[in-house]
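The values are calculated or read from the model by the stated rules, or taken from the named source; none is laboratory data. The model shown is predicted, which means the values in this text are computed figures rather than measured ones. Every residue, glycine as well, gets a Cβ built from its backbone with ideal geometry; the counts of neighbours run over all protein chains shown.
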Amino acid sequence: MTSLTEWLNERGFAEHAQLFADNDVDLATLLLLTDGNLKELGLSFGARKRLLNALAEYKAARPEPMARAEERRQLTVMFCDMVGFTALAQRIDPEVLKDVVRGYEDACAACIARYEGYLFQRLGDGIVAFFGFPLAHEREAERAIRAGLDIIDAMTRFKSPDGSRLEVRIGIATGIVVVSADGRTAVSETMNLAARLQSVAQKGTLAVSSKVRKLAGDAFDYEDLGAHSLKGITLPVHIYRALGLASAESRQAKDKPLIGRGAEMETLLDKWRSVQDGGKGFTVNVCGEPGIGKSRIADALCACLEHENAQIWRFQCSPFHLNSAFYPIRTHLDEVLQISGDSPVDVRLDKLEALIVGRYGLPLSDVRFIAGMMSIPCDARYGALDISPRLAKEETVRVMEDMVAAAARLRHTLLLFEDMHWADPTTLETLERLIGKLAGIPLLIVATYRPEFEPHWSRHVDVAVLNLAKLTAQQSKEMIGRLAEGKSLPAEIVERIIAKTDGVPLFVEELTRNILESGGLVEAGGRYVYAGDALGFAIPETLRDSLAARLDRLAKARPVAQIGSVAGRTFSFELLAALNQMDDASLAEGLAELTASGLAVSTGTAPGPVSYTFKHALVQDVAYDSLLRSQRKPLHARIAQVLEERHPETRDREPELLAHHYTAADDPAAAAPLWLKAGEVAMQRFAVPEAVSHLHKGINLLETASPGPERDLLELRFRASLGPALVAGRGWGHPELSAVLEPAWALAHRHRHRQAYLPILNALWVHTMCVDRLDVSLRWAEKLLEVGVETGDENLVVVGHRAISGSAFWQGRFDLAKAHGDKLLAMYDAERHRHIAQLTNTDPLTGEGIYRAQYLWIIGYPDQAVAASNERDDHARRRNHPFDLAFSLTLGAQVFDFLCEPDELLARAEEADSVGRRFGVSLFFEVMAEISRGIAWLRAGRHSDSAMRIDRAITRLAATGHRIWIAYLRALQAEALALGGDLDTADRLVDESIARIRAGEERCHLAEVLRLKGWLLAQRGRLDEAEGRLYEAIALARAQGAKSWELRATTTFARLLADRGEHERAFDILAAIHGWFSEGFASRDLKAAATLLDELRLHISKGGMRNAG
């Protein structure tokens, strides 16, 4: 903090410094002085006015300290009302009534004070009390109920002068209340709820909410009064009547499983030894609920391995960086390299090179990827990187894999990933890929997480899961003894701690510390004994109350913890000091008390940087939640300002952190551009989920922005970035796409922002196509072509031809699809158009090739279709764009469904699955590859498996909003069911498919679906109906020029005719279409047709011989 002398010197008042020093006036005191005080010190009139003016300017420029007038607290509120007060007032003299009321109030106050409650209001015939103010205590709900029962009991001995007995009714509710520091005002729905509970309670009874009963646990017996609708309360409230204290037997703690930590540690050490002996990596998942001891197990393992000179890489995930790509990895490398944003770029790069190249022997070219991950500028040293963000992210993950492998071969290594439930998606992907390659790396990976997290890597063979059990009673006793430094506690206290903590180590630790700090126990003869009445002491019922109580008892640390909680789970002395909420001495004292209490730990030593971390996230949550939103906002604003001023690199390295603080500070103008930057940075790292999250947060802030060109262009950038991110992350048909993209096109067109035309128009085309709005999609495709011609933008023209070809294919207009596909082939240049995939997720040649292979087969050129498919896949592999390649290998591979070649289809599905998993694109490994597998199994004869897999894949695809193709897939599922013997379900599904197609605009597979319906009807013996459907299929195929569909339908029809004995008719119609083909005679359909023609020819020949005889 600035000294008074410095302050006076800077403002031209140096001559008064000694005067103030002689009178013990420091800067804080000077801020309090009035004109009269300064006159008393002997300052002249002019000096006083100048000084007071300077003080006013200083106060105005200085950030306002956090207000302490009000705070948020979890309170248990009691409303107590005297029954029949109005009638009583009419019966007795006012002076006597005054004494009755005073006696009633005093009796209630005594009962409330007995349980350390706070008498908030005396209302004559009513009392309002708080439990949890001004200091929080453990088991506040139980205290309130006990006090209420005592009040009811006290009233039984209290009689009015006319001999009538006084009775009360009481309501108790628990919730967050905004209360003034002086305890005079309080606002919350909890207050209203407690009052309403009191109003429904019968006289002489106590009514509590279900939340109060839950918090009070099994300490009382209750009568269930059911759910009630209460005036002013939105939802029905379940009400219980507290009858009295429960028996000791009913409150007895139940036995816990006798599972210790020794076995778990031995398992981890056994895996460590097997990794070192066998040279093969292994992963142990450590799973457990919050506070169960995951971090303690990790600490113990590290301590053991440190004695073996093991290398330990510890990656700590953070709840504040759920969408910050590679966050725990970047943080770990910062610590290992001892670099910060303040370090010169060359120093940071030198250290990276020393580690990656010098120590691990990796090529120098790998350094740039880790530098990029850590947001270290490196283009000046290594040159610009000309690859897509997805490939850059892929290379970054690869280098991390190589670093880990090199480290493990140099020295026995443990990789510890902690709190993976808070991991960003990119870190999750990195870990999963490392686990997939452990067979050749002598490395032990330990990952900790909570039960709600489901790790995908658990399917690997070399992965074991260690589920941490709760502590036994004996183990809890041992922990309590350590916390009490060997001094024993009263046996009943120990047993109650065990019962209430339920074997969770964190709860045991926190509640025991709370008791030791409460003042309810004192040391005597090497043990703790009660300091007073044991009944006035209760063990905390919830961790929240326990933590709030511990904070309340730390007078100096509590305000520091509150301020620190706004900064984050980890905060520095420097940052808190810069907020100007207190002087440095008070801040240091508060931090010392906070760390001494065990609520936070510090790293670093002065005069170097010192940072503090809340020991548990819940500690930070409790501290943060105690602040009013009006108090948090200026703190968030000031934190953002300090980060910008003192750590400007944050804007580039962690724009999402600044965006978070500006958003919480209600400064959307500052936050929105940072969310945009965060989204763009995430996409550059191909961290798609993070990008979508950041962009959503930013675009939501624009709703309150003032209209104008600047706002429009910012919104346009958000929408143009969000569209491709949504497609990559959630699928082409996701319903949000149109809402994002249509306004984007309007903005781009209005402002002539041509740079945004291609990604927006392409995304609009593909989205409307995939939701079966094919006429609309064709208009967007034509718009691409039209705008491309108008502006002379060849990229738009190329993509326009590709788009028209795609829409026409789904419409069943195969001639139009081929015409525009041919135009694309004529103008496409692999180098000139290479960048388009980065804007649209798909290379134009690949995209058109996906449909080319299919329509070439459909119009009767099977050999050309196979060649086109292979050429497209080879091109996509050379292009090596993950989304583009996986797209080619899935939808593009459907020509092998038409050809009935399951091995080819399955091989491509496996390759696409691998690409999808490697880049975290679930659309491909969870949906598209699964579709291909299901179809391949159908063609391979695995009918039951096929039907189930196709059904599951359809459900997943439909969940993305996708509509086209689903009817055909459902028909394939029906074919599998029929071949498996379930004709009824198959018939129903095909009818649904036909209805779905006719209700929409998709027509490319309709002829085949109609054929399947005819085939099913024939299987059920309904031959006349079958003939009608097959005629319809053949006619449609002819109209579309779909020769292969026509051949297949005609073959089915010819078989039906042959079964009827109409061999010549069957031969004539099948020979006509078969004779049209000039290639593909080795394909299944043509071979089947040829075989049937031979059979028919033989029947006809035999019939002719009989006639001749």
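Okay, residues lined up against (1) over 39 Å from the mean Cα position of the chain (by Cα); (2) of a type in the set (Lys, Arg):
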| site | (1), (2) |
| --- | --- |
| Leu135 | no, no |
| Arg143 | no, yes |
| Arg146 | yes, yes |
| Leu149 | yes, no |
| Ser160 | yes, no |
| Glu167 | yes, no |
| Gly175 | no, no |
| Val179 | no, no |
| Val187 | no, no |
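Just to check your reading of the model, which residue among Val178, Val208 is assigned by TED's automatic domain parsing to the domain that holds Phe131, out of contact with any helix residue (DSSP H, G or I) (no Cβ under 8 Å at 6 or more places or on another chain), among the β-branched types (Val, Ile, Thr) and assigned to a strand (DSSP E or B)?
So the residue among Val178, Val208 that is assigned by TED's automatic domain parsing to the domain that holds Phe131, out of contact with any helix residue (DSSP H, G or I) (no Cβ under 8 Å at 6 or more places or on another chain), among the β-branched types (Val, Ile, Thr) and assigned to a strand (DSSP E or B) is Val178.
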- Out of all the residues in segment 958-978, which are within 14 Å of Glu930 (Cβ to Cβ), in contact with a Lys or Arg (Cβ under 8 Å, 6 or more places away or on another chain) and assigned to a helix (DSSP H, G or I)? Ile966
- Message: Could you check segment 767-799 and list, in sequence order, the residues that are within 18 Å of Arg1003 (Cα to Cα) and touching a residue at least 40 places away in the same chain (Cβ under 8 Å)?
- Response: His767, Met769, Cys770, Val771, Asp772, Arg773, Leu774, Asp775
- Message: The conditions are (1) crowded, with 17+ Cβ neighbours inside 10 Å; (2) assigned to a helix (DSSP H, G or I); (3) free of Cβ contacts under 8 Å to residues at least 60 places away in the same chain, and Val404 fails exactly one of them. Which is it?
- Response: (3)
- Note on the structure: Reported set for segment 90-122 where residues are outside any helix (DSSP H, G or I), surrounded by 13 or more Cβ atoms within 10 Å (Cβ to Cβ) and of a type outside the set (S, T, N, Q) is Ile92, Tyr115, Glu116, Gly117, Tyr118, Leu119, Phe120, Arg122
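I'd like the residue in segment 297-320 that is free of Cβ contacts under 8 Å to residues at least 24 places away in the same chain and not in a loop (DSSP other than H, G, I, E, B) and, out of all such residues, is nearest to Glu418 (Cα to Cα).
Our first condition is that a residue be free of Cβ contacts under 8 Å to residues at least 24 places away in the same chain; within segment 297-320, this holds for 299, 303, 306-307.
Now narrow it down to the ones that are not in a loop (DSSP other than H, G, I, E, B): 299, 303, 306.
Values: Asp299: 11, Ala303: 16, Glu306: 18 Å.
By that ranking, first place goes to Asp299.
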- Note on the structure: Filtering segment 940-952 for residues that are part of a helix (DSSP H, G or I) and surrounded by fewer than 23 Cβ atoms within 10 Å (Cβ to Cβ) leaves a count of 7
- Among helices (runs of 4 or more DSSP H) lying entirely in segment 988-1106, which contain 3 or more residues that are surrounded by fewer than 20 Cβ atoms within 10 Å (Cβ to Cβ) and either outside the structural domain of Gln864 (by TED's automatic domain parsing) or modelled with pLDDT of 95 or more (or both)? 1023-1040, 1043-1060, 1063-1076
- State whether one or more residues within segment 150-161 are surrounded by 14 or more Cβ atoms within 10 Å (Cβ to Cβ) and within 22 Å of Ala227 (Cα to Cα). no
- Query: Out of (1) closer than 20 Å to Asn323 by Cα; (2) buried (at least 20 other Cβ atoms within 10 Å of the Cβ), the odd one out for Ile435 is which?
  - Reply: (1)
- Item | Residues being touching a His at 6+ places or on another chain (Cβ under 8 Å) and either under 17 Å from Asn762 (Cα atoms) or not in a helix (DSSP H, G or I) (or both) - total across segment 813-837 | 5
- Note on the structure: Residue hits (segment 272-296; part of a loop (DSSP other than H, G, I, E, B), within 19 Å of Phe453 (Cβ to Cβ) and not β-branched (Val, Ile, Thr)) are Gly288, Glu289, Pro290, Gly291, Gly293
- Does Ser630 qualify as being farther than 15 Å from Ala725 by Cβ, touching a residue at least 60 places away in the same chain (Cβ under 8 Å), buried (at least 20 other Cβ atoms within 10 Å of the Cβ) and hydroxyl-bearing (Ser, Thr, Tyr)? no
- Task: Return only the number of the condition from (1) at pLDDT 85 or above; (2) over 22 Å from Thr430 (Cβ atoms) that His694 does not satisfy.
- Result: (2)
- Message: Just to be sure before I move on: is Pro290 crowded, with 19+ Cβ neighbours inside 10 Å and touching a residue at least 60 places away in the same chain (Cβ under 8 Å) in the structure I sent?
- Response: no
- Message: Being more than 30 Å from Arg1011 (Cα to Cα), surrounded by 24 or more Cβ atoms within 10 Å (Cβ to Cβ) and hydrophobic (A, V, I, L, M, F, W, C) is the requirement here; does Ala929 meet it?
- Response: no
- Message: For the condition assigned to a helix (DSSP H, G or I) and in contact (Cβ under 8 Å) with a residue 60 or more places away in the chain, what is the one hit in Ala469, Ala439, Ala447?
- Response: Ala439
- Note on the structure: The residue that is surrounded by the most Cβ atoms within 10 Å (Cβ to Cβ), considering only those in segment 887-913 that are acidic (Asp, Glu) and under 13 Å from Phe925 (Cα atoms), is Asp913
- Does segment 773-782 include one or more residues that are over 26 Å from Ser721 (Cβ atoms), of a type in the set (Phe, Trp, Tyr) and under 39 Å from the mean Cα position of the chain (by Cα)? no
- Message: Among the residues that make up segment 896-913, is at least one of them assigned to a helix (DSSP H, G or I) and farther than 30 Å from Ala1088 by Cβ?
- Response: yes
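Look through segment 805-844, keep the residues that are of a type in the set (A, V, I, L, M, F, W, C) and in contact (Cβ under 8 Å) with a residue 40 or more places away in the chain, and return whichever of them is nearest to Gly1000 (Cα to Cα).
So the residue we want is Trp810.
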- Query: If you go through segment 51-60 one residue at a time, do you hit one that is more than 30 Å from Ile563 (Cβ to Cβ), modelled with pLDDT of 80 or more and surrounded by 15 or more Cβ atoms within 10 Å (Cβ to Cβ)?
  - Reply: yes
- Output for segment 564-618, where each listed residue is assigned to a helix (DSSP H, G or I) and either β-branched (Val, Ile, Thr) or touching a His at 6+ places or on another chain (Cβ under 6 Å) (or both): Val566, Thr595
- Considering every residue within segment 725-744, establish whether at least one is part of a helix (DSSP H, G or I), modelled with pLDDT under 90 and over 30 Å from Phe924 (Cβ atoms). no
- Item | Residue that is more than 30 Å from Ala303 (Cβ to Cβ) and either in a helix (DSSP H, G or I) or in contact with a strand residue (DSSP E or B) (Cβ under 8 Å, 6 or more places away or on another chain) (or both), where the choices are Asp386, Asp366 | Asp366
- Checking Asp106, Asp125 in turn, the sole residue that is of a type in the set (Asp, Glu), within 20 Å of Lys203 (Cβ to Cβ) and out of contact with any Pro (no Cβ under 9 Å at 6 or more places or on another chain) turns out to be Asp125
- Note on the structure: Gly860 vs (1) closer than 23 Å to Ala725 by Cα; (2) in a loop (DSSP other than H, G, I, E, B); (3) touching a residue at least 60 places away in the same chain (Cβ under 8 Å): all pass except (1)
